[in-house]
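Contents: one structure, followed by commentary.
The values are calculated or read from the model by the stated rules, or taken from the named source; none is laboratory data. Just so it is clear, the structure is predicted and the values come from calculations on it, not from any experiment. Note: ideal-geometry Cβ built from the backbone for every residue, glycine included; neighbour counts use all protein chains shown. With ligands, DNA and RNA removed, areas are computed over all heavy atoms of the protein, side chains included. Shrake-Rupley method; radii C 1.70, N 1.55, O 1.52, S 1.80 Å.
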Amino acid sequence: MTVSRPSSSRLSASRVALAGGIALSSVVLLSGTAFAHVSVQPQGEAAKGGYATVNIKVPNERDNASTVKVEVNFPLDHPLASVMPQPVPGWKAEVTRSKLSKPLELHGKKINEAVSKVTWTADGSKIGPGQFQQFPLSLGRLPEDADELVIKAIQTYDNKDVVRWIEEQKEGAEEPQFPAPVLKLSAASDDHHGGAAAPSASASADDKAGHEDETASHKETAAADSSDTTARILGVLGILIGVAGVAFGVLAGRRRSL
């Protein structure tokens, strides 16, 4: 029996199967990290003219370094009179206020200063490789004449690397490499309180708000863990599909050559 060599068309089929499998595996594996940048996520509604609780979500994008400092900057063209960080274990928060060129009016009072920056510095904790941390904030009163707030962030690692998440999205353009976090604002609600109540002097109200923030944070963490698990499962499936494609192409070539 004469054994013929695989024809060029059969070799091409095998190569196509191999390339397809590798490409599919790469796309699926990379899908889990494509959106690993600093972001701002409202807990509930962030309505114009109201108050909101948001999480600044900071993933660690380094394999050999940990995040030790996070700085978020608020726009002064749409100033916020109240920005209050929720305590995060292992992190020290510092609020910076700046003088306004045009005073704000809040609850019948004129406000000459607004929060321009909040900085979290590691104090016994870090964001290690493969981890993320959420930094909750209470914001208010949100502007009524804007559809979104661009909150630029700066992330510092313990190896002195600094990543500036400050690039604004241009309409019709691709997402920039280091996009600034954006808080989308919904239409004004009737009570002007958005997704969170305005700050209150009542201790019971503070306790309730803290409990709601903690519950929302747990839900967000669970959702993120679920997303990461799904990405890993899809990645494994992509690899298996790629291997199966290669095997099918090789076997098909051998059978036809016999």
Not counting ligands, DNA or RNA, and with a 1.4 Å probe, what is ASP145's accessible surface area in Å² rounded to the nearest 10? 120
Built amide H within the under 5 Å cut-off of TRP91, gap 5+: ASP123
Centre separation in Å (Cα based) which lies between segment 42-79 and segment 133-167: 4
Under 5 Å between amide H atoms, partner at least 5 residues away or on a different chain: which partners does ARG97 have, H built in plane at 1.01 Å? SER116
Cβ crowding within 10 Å averaged over residues, with 108-116, 94-102, 55-63, 120-128 ranked highest first: 55-63, 120-128, 108-116, 94-102
Give the percent of DSSP beta bridges with both residues in segment 133-192 that are antiparallel, rounded to the nearest 5. 90
